[in-house]
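K.L.:
My questions will all concern the structure given below.
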Amino acid sequence: MTNPVFPDVRMNIVRAADPVTARVVSNELCMRGKSASFVKHLVLDIGDTPLQGAFRAGQSFGVLAPGEDAQGKPHKVRLYSIACPTWGEDGEARLISTTPKRLIDEFSPQTETDDPDDHHLFLGACSNYLCDLKAGDEVRLTGPNGKRFLLPASPADHDYLFIAAGTGIAPFRGMALELLENPAGPCKSQIHLIMGSPYTTDLLYDDLFRRLAEEHDNFHYHTAISREPRSGGRRGIYVHHLIDENIDVFRPLLAGPRTLMYICGLLGMQNGIYQVLVKHGVEEGYLTIGEELRSVDPAQWEDKQVRRHAKSTPRCMVEVY
Ligand code: NAP
């Protein structure tokens, strides 16, 4: 079994008390088609700031949105994964990118003191601010953040299973480009990317991933669409259903001693993935499962139990929120 060695990374070079100012280069929709959602590919110029050259693929930066929250306090730092490789969008780590999504929702009562009939329109402060930005606008940034959701120091020593839900695809865009379009030559490892979206139109960077799959035999792009019926009247699927239904494809990859698994997206999505791994007996190397959970049928596992009793190993990177 090959545990990964991760590169050293720099963290928190720039803090909220003294953020740097980045300038917007471009801000364009990156969905496959017309959708009820709005997701952007936002490119920021951090050239000549302490952040230039400081990020590695998979890390995040902080954004300080202007204005105040409902309590009249300045907005807190919100983290966004970079969507570019270590060398940025420009090859010089001057331009970094991320994948903000407009948060447009209804307020739902959270505590006993909240009015149960209050369902007013709720807009996320920071993601909508980022989605509104135009070329030339300034943004206050901090970072870098994150030291575990990284490619290993020797990428060719491993194979990869990347599993994303929605904007959780951001770090995998950077990692796929880092592995496949590396100036030192493409990585020949097996790389599977599974992307989960509500509708086909919501797929993010779909053109890019299709192009990479056409150009590289070792890159495999799978999509799990949850809200569209499939042929034969079958229901839509989540990412873990895709693994379950195609276990013949994924078993050799997961059983390989050098494979690394990365999960990014929604809180709780790891539960379904872990259940499928255990169902097919391929969890070894990725998970340590406590006795409390071993005695429960995986199909019955609850998120709370999984968080407490299923621990990811160094070969399984999970970033969900
Ligand atoms: P989205 O477009 O709504 O897509 C999420 C997909 O996952 C949908 O198809 C959804 O299906 C499905 N899904 C729902 N519950 C699931 C479960 N338990 N297991 C597997 N799949 C499930 O996603 P989004 O609005 O962009 O949200 C993405 C999330 O990723 C956000 O919470 C964001 O904060 C997080 N994120 C994290 C990072 C990071 O940690 N670095 C980076 C970027 C984004 P249905 O909706 O049809 O049920």
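The numbers here are math on the coordinates, done by the rules we state, and not lab data. On a predicted model such as this, the values are computed, not experimentally measured, just so you know. Because the Cβ atoms are built from the backbone with ideal geometry, glycine has one as well, and the counts that use them run over all protein chains shown.
K.L.:
Are any of the residues in the stretch 59-72 over 25 Å from Asp18 (Cβ atoms) and either not small (Gly, Ala, Ser) or not in a loop (DSSP other than H, G, I, E, B) (or both)?
P.N.:
No, that holds for no residue.
K.L.:
Further, regarding this structure: What number of residues within the stretch 187-197 are within 18 Å of the chain's Cα centre (by Cα) and without any contact (Cβ under 8 Å) to a residue 60 or more places away in the chain?
P.N.:
Residues in the stretch 187-197 being within 18 Å of the chain's Cα centre (by Cα) and without any contact (Cβ under 8 Å) to a residue 60 or more places away in the chain: 5 in total.
K.L.:
Filter the stretch 153-176 for residues that are within 16 Å of the ligand (Cβ to nearest atom) and either within 20 Å of Thr2 (Cβ to Cβ) or of a type in the set (A, V, I, L, M, F, W, C) (or both) and give the result.
P.N.:
Residues satisfying the conditions are Leu161, Phe162, Ile163, Ala164, Ala165, Ile169, Ala170, Phe172, Met175, Ala176.
K.L.:
Anything in the stretch 73-127 that is more than 28 Å from Gly174 (Cβ to Cβ), of a type in the set (Lys, Arg) and touching a strand residue (DSSP E or B) at 6+ places or on another chain (Cβ under 8 Å)? List them, or say none.
P.N.:
Passing the criteria: none in range.
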